[in-house]
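Here the structure comes first, spelled out in structure tokens, and everything after it is commentary.
The values are calculated or read from the model by the stated rules, or taken from the named source; none is laboratory data. Just so you know, these numbers come straight off a predicted model, no measurement behind them. Reconstructed Cβ throughout: ideal geometry from the backbone, glycine too, with neighbour counts over all protein chains shown. The accessibility values were calculated without ligands, DNA or RNA, using every heavy atom of the protein model including side chains. Shrake-Rupley method; radii C 1.70, N 1.55, O 1.52, S 1.80 Å.
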Amino acid sequence: MSYTSSQRSAIQQFIAFTACPERTAAKFLKSHSWDVEVAVDSYFTTNNSSSTMPSSADPALRKVFDQFREPGDPEDTMTVNGVMKFLPAIGVGLEEETVLVLAEALRAPTMGEFAREGFVEGWKALNCDTLDKMRARVPALRISFTNDEATFKKVYLFTYNFARSPNQRSLQMDTAIEYWKLLFTHRFQKNLEDWIEFLETEYKKSIAKDTWNCMYDFVQFADKDPELKSYDVDVGLINGDGGGDGGYTGAWPSILDDFVQFSRKKNGTEPSPQEEMDIS
């Protein structure tokens with residue numbers, strides 16, 4: 001079958017991402033109107049529905065793990081130097097959000113570290129047992145972070161414990177800010193700068209896990225209502241269906257009440273007395 005030049009280009013991109021046969025690439029692309037990103041995401045979602053690789057893949061994955069583990073590392077741990085070599089080897093930038101997608105998938109215990117069991121089981125679940133397969137899988141992981149809400153939520157909630165220093169109950173504010181910048185690359189853009197300014201000039205405290213988790217819903221709400229008009233500061237509630245996860249309606253942590261007041265004052269969007277009555 002003949003293809004247009006743009007379709008041929010799409011097929012080549014799809015094959016580069018998935019390492020699948022041309023016939024399979026064309027099938028998925030046709031089913032998704034030749035949108036490469038959507039088709040690749042669908043391909044890997046379909047493959048993920050099958051069982052993970054069998055235990056026969058373990059030796060190959062242990063070999064990859066040991067290839068990057070430093071000589072002085074504990075037997076079942078790849079520490080920061082090894083991780084910094086491994087990520088570029090599979091096409092992942094050290095400061096891109098895909099690092100967090102991988103960390104969650106491979107059950108990384110903390111920043112700059114992989115454990116052997118999580119590494120092996122995680123890659124088996126992704127159906128990858130060689131560096132070439134890992135490299136081919138990365139584009140789909142990158143796409144899933146941006147386009148798949150379930151993936152984003154899973155990665156977001158995982159990041160709190162991942163980023164927190166050992167033996168600390170809460171996340172240092174500066175660390176939380178850096179991770180929020182990374183995680184919200186494509187979200188919360190109209191409010192992120194105000195949020196960071198509020199934290200640095202008004203809040204000035206570490207971030208509790210409850211605050212971190214609630215931010216997932218708050219960001220979805222704020223993306224739909226950037227001026228935060230439907231947020232009732234007096235009772236800390238959202239009215240209507242502006243929130244995330246099917247429409248969040250409930251009380252927020254007081255830090256978010258304070259932020260909304262800060263944002264409204266800074267941007268001159270404080271509601272009039274009549275509007276406050278309407279919100280209530």
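With label points built 7 Å along Cα→Cβ from the Cα atoms of Ala208 and Glu22, find their separation and express it in nm.
Reported label-point gap for Ala208 and Glu22 is 6.1 nm.
Based on DSSP H runs of at least 4 residues, each adding -39500 (n - 2.57), what is the mean residue ellipticity at 222 nm of the chain after dividing by all its residues, to the nearest 500 deg cm²/dmol? Walk me through the numbers on the way to the answer.
Working: 14 runs with 163 residues, N = 280.
Value at 222 nm, helices only: -18000 deg cm²/dmol.
Students often get this wrong, so check it: of Lys133/Lys154; Lys63/Lys209; Lys27/Lys85; Lys133/Lys153, which have C-alpha atoms separated by over 27 Å?
Violating the 27 Å Cα-Cα cut-off are Lys63/Lys209; Lys27/Lys85.
Using Cα atoms only, what is the angle between the long axis of helix 131-147 and the major principal axis of the chain, expressed in degrees (0 to 90) to the nearest 10?
Roughly 20 degrees between the two axes.
Stick to Cα atoms and the Kirkwood definition of Rh, then tell me Rg/Rh for region 5-49.
0.92
In a shell of Cβ-Cβ distance under 15 Å around Ser55, excluding Ser55 itself, what net charge do Lys and Arg (+1) and Asp and Glu (-1) give? Don't skip to the answer; put the middle values down first.
Values: positive: Arg62, Lys63, Arg116, Lys124; negative: Asp58, Glu117, Glu121, Asp129.
With Lys, Arg at +1 and Asp, Glu at -1, the net is 0.
Between Glu75 and Arg8, what is the label-point separation in nm under the 7 Å Cα-to-beta-carbon projection?
5.5
I'd like the orientation of helix 209-224 relative to the chain: the angle between its Cα long axis and the longest Cα principal axis, in ° from 0 to 90, rounded to 10.
Rounded to the nearest ten degrees, it is 80.
Classify the chain: rounded, prolate or oblate, from the alpha-carbon gyration tensor (a ≥ b ≥ c, eigenvalue square roots; a/c under 1.5 rounded; otherwise prolate if a/b is larger than b/c)? Each step should come with its number before you reach the end.
Values: a/c = 2.74, a/b = 1.50, b/c = 1.82.
Judged from the Cα gyration tensor, the chain comes out oblate (a/c at least 1.5, b/c at or above a/b).
What do you get for the angle between helix 173-183 and the principal long axis of the chain? Use alpha-carbon atoms, 0 to 90 degrees, nearest ten.
60
For region 59-152, what number results from the quotient of the Cα radius of gyration and 2.2 N^0.38 Å?
Working: Rg = 12.4 Å, N = 94, 2.2 N^0.38 = 12.4 Å.
Taking N as the residue count of region 59-152, the ratio is 1.00.
How large is the accessible surface per residue of region 59-152, computed with a 1.4 Å probe and reported in Å² as a whole number?
43
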